[in-house]
Amino acid sequence: MRRLPPLNALRAFEAAVRTGSHADAALQLGVTPGAVGQQIATLEHWLGHALFTKEGRRMVATPMARVFAAEVGLSLDRLALAADAYGRPGVRRILRVSAPTTLAMRWLIPRLPRYHAAHPDVEVVVTTVSSLVEDLRGGVDVAIRRGVARQDLWPQHHVVPLLDDVDTVIMSPDLFSRRPIRVPADVDGHAWLASETRIGDWDNWLAAAGLQHLAGRPRQTFDHFFVTRQAVADGLGIGIGPLPLLEIDIARGNLMMPLPELRVPRTGYIALHPRQADPARLLSGFVDWLAGEASRAGGAVPASAMQHKP
């Protein structure tokens with residue numbers, strides 16, 4: 001006989017840690033915050049020690065509780081997948097994917113119609129994260145993160161290399177027509193736009209261009225690259241943008257690369273899915289599809305879209 005904690009207590013605990021709030025966990029589970037607190041108290045009694053500490057008016061999970069919650073989340077995910085696979089054949093499957101905001105909006109979501117056309121019984125739900133290094137949490141089937149495909153760094157997940165990433169200068173075609181950039185030094189005549197989520201992009205590009213002496217030049221910085229991309233498209237300045245994430249914008253003529261040959265490699269993206277039951281190969285099959293889409297992305301931008309000719 002397995003000696004297991006109460007399942008409802010585990011669900012309430014995992015939701016409270018994942019959401020960071022008893023109230024949010026209660027909303028997700030369809031119960032009251034008091035009920036969540038009672039379930040957590042039951043689990044603490046079963047374990048013999050506290051799982052949360054009080055900080056001001058908030059209850060904060062202990063470091064050990066966060067580790068335990070991650071394990072519980074993986075176990076609940078595995079149980080849910082097994083139940084769907086064996087208990088409800090033919091039911092529409094939900095596949096939850098977490099990805100960085102820009103990658104989700106500019107690369108993943110535009111490609112999903114092809115996946116849905118081939119898998120009409122699967123609904124892909126995409127959630128976004130602002131930080132590329134945000135911890136993986138329960139409730140996600142596949143996560144896309146920036147990183148290297150080393151199994152020792154992600155021992156609880158299968159790791160598949162997905163996309164390479166290179167940076168180059170981007171600007172709007174209209175701004176290029178008014179103030180063209182034909183050699184790297186021409187960037188000095190423009191407003192520079194930067195992002196808090198992509199620290200170091202300008203410095204790395206300047207180093208590659210041999211323009212380190214301009215590194216102290218002022219920049220207008222936005223909190224997220226998606227805002228920066230929009231400001232560049234609106235012609236408010238020039239930025240450093242990632243490929244292949246912006247290939248659709250470039251192909252459509254919303255953005256251009258005035259110096260396409262000058263590219264700075266960055267750490268690319270990987271796809272991760274938990275080491276859990278996957279009897280129908282839903283997760284691994286989706287990751288294989290992602291890798292196939294990534295391989296198709298190479299060379300997708302027509303040369304005519306890269307640079308305006310003098």
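Here, each number is a calculation from the coordinates, and none is a lab measurement. For clarity, every value in this text was computed on a predicted model and none was experimentally measured. Reconstructed Cβ throughout: ideal geometry from the backbone, glycine too, with neighbour counts over all protein chains shown.
What to note about this one:
- On the basis of the beta-carbon distance and an R0 of 45 Å, Ala208 and Leu153 show a calculated FRET efficiency of 0.95.
- Compactness of region 7-85, expressed as Rg and Dmax over alpha-carbon positions, Å: 12.3, 44
- Loop-located trypsin sites (Lys or Arg not before Pro) in region 4-101, at most 16 other Cβ atoms within 10 Å (DSSP): Arg57, Arg92
- Under a model in which nothing but the beta-carbon of Lys, Arg (+1) and Asp, Glu (-1) is charged, the chain shows a dipole of about 380 debye around its Cα centre.
- Against the main long axis of the alpha-carbon atoms of the chain, helix 63-87 sits at an angle near 80°.
- Difference of contour (0.36 nm per residue) and Cα-Cα distance, Asp223 to Glu123: 32.9 nm
- Long-range amide H partners of Leu95 with built H, under 5 Å: Glu123, Val124, Val125
- Rounded to the nearest 10 degrees, the angle from helix 7-19 to the longest Cα principal axis of the chain is 30 degrees.
- Listed values for region 262-269 are Karplus-derived 3J(HN,Hα) couplings in whole Hz (6.51 cos²θ - 1.76 cosθ + 1.60, θ = phi - 60°), namely 9, 10, 10, x, 10, 4, x, 10, and x replaces Gly and Pro.
- Put simply, the convex hull of the Cα atoms in region 244-286 casts, on average, a shadow of 5.0 nm².
- Only one residue of Ala209, Gln220, Ser177 has its Cα farthest out toward the positive end of the dipole of region 166-266, where Lys and Arg carry +1 and Asp and Glu -1 on Cβ, and that residue is Ser177.
- Its alpha carbons give the chain an Rg and a Dmax of 23.2, 78 Å.
- Result for the chain in a Gaussian network model with C-alpha springs under 10 Å: among Ile109, Ile248, Ile270, the largest mean-square fluctuation is at Ile109.
- This model, with +1 at the C-beta of Lys and Arg and -1 at the C-beta of Asp and Glu, gives region 166-266 a dipole about its Cα centre of some 140 debye.
- Sequence-separation-based contact order of the chain, relative, with Cα cut under 8 Å and 6+ spacing, percent: 20
- Note, ³J(HN,Hα) from phi for region 246-258, Karplus 6.51, -1.76, 1.60, rounded to Hz, x at Gly and Pro: 9, 4, 5, 4, 6, 5, 7, x, 6, 9, 9, 10, x
- The chain, helix-only ellipticity at 222 nm - DSSP H runs n ≥ 4, -39,500 (n - 2.57), divided by all residues, nearest 500: -11500 deg cm²/dmol
- Built amide H within the under 5 Å cut-off of Phe222, gap 5+: Ala194, Ser195, Glu196
- Using R0 = 51 Å, the C-beta based FRET efficiency linking Arg57 and Arg3 works out to 0.90.
- Exposure rule at most 16 other beta-carbon atoms within 10 Å, DSSP loop GluC sites (Glu not before Pro): the chain longest free segment: 1-133
- FRET efficiency for the His116 to Ser295 pair, using the beta carbon distance and R₀ = 22 Å, is estimated at 0.65.
- For region 166-266: Kirkwood Rh in Å [reciprocal of mean 1/r, alpha carbons]: 13.2
- J(HN,Hα) series, region 102-116, from Karplus relation 6.51 cos²θ - 1.76 cosθ + 1.60, nearest Hz, glycine and proline x: 5, 4, 4, 7, 9, 10, 6, 4, x, 9, 4, x, 5, 5, 5
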